[in-house]
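S.K.: Right, I'll just put the structure down here and ask away after.
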Amino acid sequence: MALWAVVPAAGSGARFGAEHPKQYQRLGDRTVLWHAVQRVACAPGLAGVAVGVAADSPYQDALSGLSAAIYPYEGGAQRVATVLRGLAVLPGAAEGDWVLVHDAARPCLARTDLDRLLAAGGPDGALLAAPVADTLKRGCDDRCLETIARAGLWRAFTPQLFMLGTLRTALEQAIAVGADVTDESSAVERLGLRPWLVAGRNDNIKITYPEDLELAAVVLRRLEREGV
Ligand code: CTP
Ligand code: MG
């Protein structure tokens, strides 16, 4: 069974709010997208990476100099559509193969986290995540309505690892019923499966706002120093 990756990179980065989407911002001497692809491509024996990009985006420059086999394709209007299309472009992929899905906006994936995720894979799949640390409030009009018990609550990260056939079925069904799918696990959970939560590093941050970019630069330097 082969191992593949899909990197959805077709978002517009509305919350980041820059002229160019966040995945094309510079981070060190490369782009955010380059680092995200390069880090997931460290998976041992990876057969290839499908990268879903928006039409007319400068992806060629952003993806140059990577050692993995890269398959760029045009993403969809929603993240879920971008990921589903990616499954179709992996050349020769079989339903029993494994797929890592990794956000283009997460350039700080540690090699050690990737290894632990791959070791945890089973028929229900697995995802990197971290237990919620802050106290959680439900708000309305900027006032606290209640405090939500955080026991058992996790923040979902990427990569997330699933069998290709399972992921395809899950995404197709979620799209068919118009389910709000912000990660692959939520679609797989709708099938009744229970993916493994693999506790990952808190510095596997997703760049969402401009201040996250500076933080990511610090984290990347730390990962490089630690050699992970
Ligand atoms: N994504 C995608 N196709 C879409 C929407 C999002 O491939 N139609 C990707 C983004 O490029 C990103 C990942 O999904 O790598 C996670 O999404 P998010 O962080 O929400 O990025 P954006 O949708 O671009 O940002 P925003 O929600 O602020 O507009
Ligand atoms: Mg979004």
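The values are calculated or read from the model by the stated rules, or taken from the named source; none is laboratory data. Owing to the predicted nature of the structure, the values given are computational and were not obtained by experimental measurement. Neighbour counts run over all protein chains shown; Cβ positions are idealised from the backbone, glycine included. Surface areas here come from the heavy atoms of the whole protein model, side chains and all, with no ligands, DNA or RNA. Shrake-Rupley method; radii C 1.70, N 1.55, O 1.52, S 1.80 Å.
S.K.: Name the most mobile residue of T182, T135, T31, meaning the one with the largest mean-square fluctuation, in a Gaussian network model of the chain with Cα contacts below 10 Å.
M.R.: T135
S.K.: State which helices in the chain qualify, where a helix is a whole DSSP H run, it must extend 18 Å or more along its own axis by its Cα atoms, and its mean Kyte-Doolittle hydropathy must be at least -0.5.
M.R.: TM-like helix candidates: 164-177, 210-226.
S.K.: Moving to a separate point now. Arrange the residues D134, D203 by how much accessible surface each exposes, largest first, with a 1.4 angstrom probe.
M.R.: Sorted by accessible area, descending: D134, D203.
S.K.: In debye, nearest 20, what is the charge dipole magnitude of the stretch 3-226 about its Cα centre with +1 on Lys and Arg Cβ and -1 on Asp and Glu Cβ, if you could check?
M.R.: Here the size comes out at about 360 debye.
S.K.: Please work out how much length the chain gains when fully extended from D134 to R111, using 0.36 nm per residue of separation minus the C-alpha to C-alpha distance, in nm with one decimal.
M.R.: So the extension gain works out to 5.6 nm.
S.K.: Net charge within 9 Å of R79 by Cβ-Cβ distance, Lys/Arg positive one each and Asp/Glu negative one each, not counting R79 itself? Please report the intermediate quantities before stating the final value.
M.R.: Details: positive: none; negative: D103, D183.
Taking every Cβ under 9 Å from that of R79, the sum is -2.
S.K.: Within the chain, what percent of beta bridges assigned by DSSP are antiparallel, to the nearest 5?
M.R.: 45 percent
S.K.: Still on this model: For C144, C42, what's the largest-to-smallest order of accessible area, 1.4 Å probe?
M.R.: On the way: C144 95, C42 45 Å².
Listed by decreasing accessible area, they come as C144, C42.
S.K.: Net charge around R138, counting only other residues with Cβ within less than 13 Å of its Cβ (Lys, Arg = +1; Asp, Glu = -1)?
M.R.: Charge balance in the 13 Å sphere: 0.
S.K.: Could you report the chain's accessible area per residue, 1.4 Å probe, as an integer in Å²?
M.R.: 50 Å²
S.K.: Moving on to the next point. Please compute the net charge surrounding A156, taking Lys and Arg as +1 and Asp and Glu as -1 over other residues with Cβ under 11 Å from its Cβ.
M.R.: -2
S.K.: For the stretch 3-226, divide the Cα radius of gyration by the Kirkwood radius and give the resulting Rg/Rh value with two decimals.
M.R.: Expressed as Rg/Rh, it is 0.95.
S.K.: As an exercise, use a Förster radius of 41 Å and the Cβ-Cβ distance of A120 and L145 to find the FRET efficiency, rounded to the nearest 0.05.
M.R.: Computed FRET efficiency for A120 and L145: 0.65.
S.K.: How do K22, K206, K137 rank by accessible surface area computed with a 1.4 Å probe, from largest to smallest? List each step's numbers first, then the result.
M.R.: Values: K22 25, K206 70, K137 110 Å².
Descending accessible area places them as K137, K206, K22.
S.K.: With point charges of +1 on the Cβ of Lys and Arg and -1 on the Cβ of Asp and Glu, referenced to the Cα centre of the chain, which listed residue (P159, A130, G28) lies farthest in the positive direction of the dipole?
M.R.: Positive-most Cα among the choices belongs to A130.
S.K.: Then there's this: How high is the FRET efficiency from H20 to D180, r the C-beta distance, R0 25 Å, rounded to 0.05?
M.R.: That pair, H20 with D180, gives E of 0.40.
S.K.: Still on this model: Only bridges with both residues in the stretch 121-228 count here: give the DSSP antiparallel percent, nearest 5.
M.R.: Looking only at bridges with both residues in the stretch 121-228, the antiparallel portion is about 70 percent.
S.K.: Express in whole angstrom the spacing between the alpha-carbon centres of the stretch 155-228 and the stretch 1-53.
M.R.: Distance between centres, Cα-based: 13 Å.
S.K.: Can you give me the distance in nm between label points at D29 and A217, each placed 7 Å from the Cα along the Cα-to-Cβ direction?
M.R.: In this crude label model, D29 to A217 measures out at 1.5 nm.
S.K.: What does the extension gain come out to for A55 and N202, with contour length at 0.36 nm per residue minus their alpha carbon separation?
M.R.: Contour length minus the Cα-Cα distance gives 49.7 nm.
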